[in-house]
1. Report whether or not F248 is at pLDDT below 90 and buried (at least 18 other Cβ atoms within 10 Å of the Cβ).
2. Filter the stretch 357-375 down to residues that are touching a Phe, Trp or Tyr at 6+ places or on another chain (Cβ under 9 Å) and outside any loop (DSSP other than H, G, I, E, B) and give me whichever is surrounded by the fewest Cβ atoms within 10 Å (Cβ to Cβ).
3. If you check F378 against the conditions, is it in contact with a Cys (Cβ under 8 Å, 6 or more places away or on another chain), in contact (Cβ under 8 Å) with a residue 60 or more places away in the chain, part of a strand (DSSP E or B) and within 15 Å of Y244 (Cα to Cα)?
4. Quick test of your reading of the structure: F393 fulfils all but one of (1) open to solvent by less than 30 Å² (accessible area, probe 1.4 Å); (2) touching a residue at least 60 places away in the same chain (Cβ under 8 Å). Name the failing condition by number.
5. Every residue in the stretch 306-324 that is over 23 Å from F258 (Cβ atoms) and either modelled with pLDDT of 95 or more or crowded, with 20+ Cβ neighbours inside 10 Å (or both), please.
6. Note down all Cβ pairs under 6 Å where the first residue falls in the stretch 325-337 and is surrounded by 12 or more Cβ atoms within 10 Å (Cβ to Cβ), the second is of a type in the set (F, W, Y), and they're at least six residues apart or on different chains.
7. S32: at pLDDT 85 or above, small (G, A, S) and open to solvent by 30 Å² or more (accessible area, probe 1.4 Å), yes or no?
8. I'd like to verify a number: residues in the stretch 326-356 that are more than 26 Å from the chain's Cα centre (by Cα) and part of a strand (DSSP E or B), how many?
Amino acid sequence: MQLLSGLLLSCIWALGVSSLSHVPVLLWSTESSTWGTTPTLNAGHITSGQEFYQLLQQDNRKARFLVMFLQDTLSIDDFTYYSTTYGNENPMNSIQDILDSSPGSLILPSVEKKTVNNLPSFLKQQDDWNIAIVDNLNVFSMEIDYHKSNLMIITLQSIPRSNKNAAALAFAENAKQIGRITQDLKNRGFHFTAMYTGMKPSKVVKSFDMVSKKGRELLATDTTISYSPLSVTNGSNLSCILIYATTFIIKVNSSVVFDLTNATFEVPSADTSLSECSDTNTTLSLVYSLTGRELSSLEVRLYMSNMFYPGSARNWFKLESVMIIPNDDMMRNASFRTTYASTPAEYSFHCQQVGTSSLHGERLVATNNEAKNWEIFFSELQIQGFNIKNNQFSYASDCTSFFTAGIWMGLVSSIILLWILSYGIFMIMQLTTNDKFDDPKSQQLSVPQGE
């Protein structure tokens, strides 16, 4: 129970700290000397990106083998909350046994989630790594190059957070898969380092505010980017294309759904080698390998242009069109044109909703028959294909028109109130006084009651 005791201390500390950007990482290795000189981490310590990468580099072998078990959501609270028995399952029992039986193990209660999500990109920059993303059913279909360092990212099943018992069963199944794969690797004679973590925390633990507050207060929305934008360098160290979205979904025939958000941004696995950059035309190519689906591959191309317009005497950047190419079959491509999607060339383009629906802020209109079978949706899309400086987005020009829904509501409400005020003033001006008044010194007025 040594693991659970340490995690419980970390969980108590986490109650007073916002865990919005932190995930736990459990590390174990077949080498006892991997973290032999690493000092014990305090429960309240937040592992920075530099510290985390240094821990992974303590393996002195020339060709390293790193296995990442990646879950959609994971928090330090999960290890204590699901440590009890649910039915016939003890969800975290297998994880504890793996750590106890490994020659070297390490628990990092809080690691910045962007550090974990950016691990493949970091390894590619540091050395010649062979990186593969596989599901837990096709682990050993990956080809291992024994002369290179290998990173195997194993995606585990998602945790249904809406149902406690279902979540416990999913945790138990993931733990069994981790144990089975770990044991298989040991039986095959591999020397490896493994980690178990999540792409984002399962929930946000609110911090205790010691400052007293009075009166009403607006609830603030966290606008922090949860992961880095996808950058295309085109063979150089400078970005020539930047793209970011909180949701990227493609649907075919109104039934088959491809959620490409994780593969594009959180754990980048899309191949961008076919992208092209120039001063006038830029193409962003995203190629996805799909396993266990009807489609073996899916390519999404975004075409952008930079043209000079004499009317405004300046260059304008425009997202011209989007194309979907299934299974490398150009004859079956689905093409869409944009309706507006333009901005001055010095800016980036941003839109809250971009897609094929007429309700979206920027609509993608089908230009061929194949496109009628496909649907595309981006939320919080920001893209820039020209004039990128310091590998960062320029000022964003939003797709929202001048007369937004809020402006129209304000105008209509103001007109109605103005009409009511005008009508009231008009009615007051129509008031008149009597022609005669009672005089107490003269004869009283006599008003006949009959004809």
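1. no
2. V365
3. Spelling it out, F378 is indeed in contact with a Cys (Cβ under 8 Å, 6 or more places away or on another chain), in contact (Cβ under 8 Å) with a residue 60 or more places away in the chain, part of a strand (DSSP E or B) and within 15 Å of Y244 (Cα to Cα).
4. Among (1) open to solvent by less than 30 Å² (accessible area, probe 1.4 Å); (2) touching a residue at least 60 places away in the same chain (Cβ under 8 Å), F393 violates only (1).
5. F317, the sole residue that qualifies.
6. Close Cβ pairs satisfying both conditions: A334/W374.
7. no
8. 1
The values are calculated or read from the model by the stated rules, or taken from the named source; none is laboratory data. This one's a predicted model, so the numbers in the text were calculated from it and none came from an experiment. In this analysis, Cβ positions are derived from the backbone assuming ideal geometry, glycine residues included, and neighbour counts consider all displayed protein chains. Please note that ligands, DNA and RNA were not included when accessible areas were found on the heavy atoms of the full protein model with its side chains. Shrake-Rupley method; radii C 1.70, N 1.55, O 1.52, S 1.80 Å.
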